[in-house]
1. Let me test this: with uniform point scatterers at the alpha carbons of the range 141-229, what is the Debye-based log₁₀ I(q)/I(0) at q = 0.12, 0.21 1/Å?
2. Looking only at Cα atoms, what is the convex hull volume of the range 55-96 per residue, in Å³?
3. Given an 8 Å cut-off on Cα distances and at least 6 residues of separation, report the relative contact order of the range 39-122 as a percent.
4. Can you give the direction-averaged projected area of the convex hull of the alpha-carbon atoms in the chain, in nm²?
5. If contacts are Cα pairs under 8 angstrom and at least 6 residues apart, what is the relative contact order of the chain in percent?
6. Return one number: the angle in degrees, 0 to 90 and rounded to the nearest 10, between the long axis of the Cα atoms of helix 62-75 and the longest principal axis of the Cα atoms of the chain.
7. How far apart, in nm, are the 7 Å Cα→Cβ label points at residue 90 and residue 27?
8. If I build a Gaussian network model for the chain, linking alpha-carbon pairs within less than 10 angstrom, which residue out of 17, 31, 66 has the largest mean-square fluctuation?
């Protein structure tokens with residue numbers, strides 16, 4: 001409960017008292033503790049509790065590694081995130097797409113698009129398929145630099161894997177068009193119309209970035225057309 005409430009000092013005291021009483025915390029308890037440290041941006045404490053778990057002979061799982069990597073994401077430490085991924089890959093833990101997604105998200109937060117793509121390809125080489133969240137995290141750093149061709153390529157790959165564009169990915173695609181040099185207004189409009197026709201509901205965030213891509217007046221027209229359907 002303390003870990004869920006992000007009261008890290010209290011949660012740490014609780015785990016220590018459990019150990020002192022001869023009650024050994026399990027992987028769920030340790031992972032929750034690591035995750036709480038991650039959410040408050042304390043990579044050092046997250047790594048400390050991972051070390052405690054390992055020293056006690058508790059086998060980490062995919063969630064344990066995801067929690068430590070999320071701590072890396074909070075402080076933007078890409079090398080540390082990649083190192084933890086390599087460590088996870090060498091264990092018997094059932095590593096899934098979530099662990100790779102956490103590293104990709106870390107890369108995205110600091111704008112390291114190349115590293116994000118490298119990790120994504122590494123995930124695919126392991127025979128692990130991506131999911132919509134992974135594709136969104138992968139596209140984000142490319143979008144912020146206005147590299148719309150890369151974002152379109154990711155969208156095509158996502159579609160080929162059977163995933164349907166959601167509101168977050170549409171936002172990311174429109175962001176790429178709005179930041180491109182020159183701005184890609186026609187592509188943005190076409191993407192908006194195609195996505196909303198397919199069922200994506202445009203929220204305020206989407207309309208705001210659409211306005212940046214096509215201009216305020218045209219954005220208002222497109223929003224009215226959507227409302228008239």
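1. Rounded to two decimals, the profile gives -0.31, -0.96.
2. Spelled out: Cα convex hull of the range 55-96, divided by residues, is 75 Å³.
3. In percent, rounded to a whole number, it is 28.
4. Values: hull surface 56.3 nm².
Value for the chain: 14.1 nm².
5. Working: 318 pairs, mean separation 25.0, N = 229.
Worked out over the chain, it gives 11 percent.
6. On a 0 to 90 degree scale, this one is about 70.
7. Result: 1.9 nm between the two label points.
8. Ranking 17, 31, 66 by mean-square fluctuation puts 17 first.
Quick note: the coordinates plus some simple rules give every number you see, no bench work behind them. These numbers come from a predicted model, not from an experiment. When we count neighbours, we look across all protein chains shown, and the Cβ atoms used for this are built from the backbone with ideal geometry, even at glycine.
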